[in-house]
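The values are calculated or read from the model by the stated rules, or taken from the named source; none is laboratory data. Source: prediction; values computed, not measured. Positions of Cβ are generated from backbone atoms using ideal geometry, with glycine treated the same way; all protein chains shown enter the neighbour counts.
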Amino acid sequence: MRVTNLGKQTIQEGIDPEVRWGRSRDGEWKLIAFDLPASKPSLRRDLLKWLKSRRFERLQHSLWISPYFDETWNKELADSKFDPSGVSLLSGSSFAQSSDQGFVKKSWNFKEINRRYKKLIDFHKGTSVQLLNDSFGAWIHEESALWRDAYEMDPFLPNELLPKGYLGKQAFISRRRIFTRLRSD
């Protein structure tokens, strides 16, 4: 069985974790604060979906945080239906008792992210060449579901912000080994 370049892109789902982990940041947090009218719940749903797809996480109910902000997002927000007076983009650092690790711990559930990556790592450990040859379709379906389960939660933070014991890198290496083996067969 051989994985094509298109298959590889699909497997990574548009994010290269190594690039994300290796990104540098300016030391400031990017925040989006919003106050959208209760009479327009679809606007709130659209904004929350947009924030999640860009790996922002909730710091407080209407305050979402990310270690970086892509400039193309300004245009996306400007082109959307959001009233600029209801959505504010901010950048800054904490001058109170909060630390970068405190923001990470409060915002992202790394206990759950690690639990999901552990399931994927254990799945890879149970994979044999014979299993791949006999039931590749079922295997790739389950492997992809396990990856997506963890991937959807992982913000792929820069190395300097990753909490101790983070399993995403180990899972990525495990996954790369498996798919490298598939590409070479």
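Taken together, the criteria exclude residue 123 from residues that are at pLDDT below 90 and either in a helix (DSSP H, G or I) or crowded, with 17+ Cβ neighbours inside 10 Å (or both).
Of everything in the range 32-91 that's among the basic types (Lys, Arg) and part of a helix (DSSP H, G or I), which residue is farthest from residue 14 (Cα to Cα)?
Here the residue is 44.
When only residues in the range 126-182 that are among the small types (Gly, Ala, Ser) and not in a loop (DSSP other than H, G, I, E, B) count, which is surrounded by the fewest Cβ atoms within 10 Å (Cβ to Cβ)?
Going through the qualifying residues, I end up with 137.
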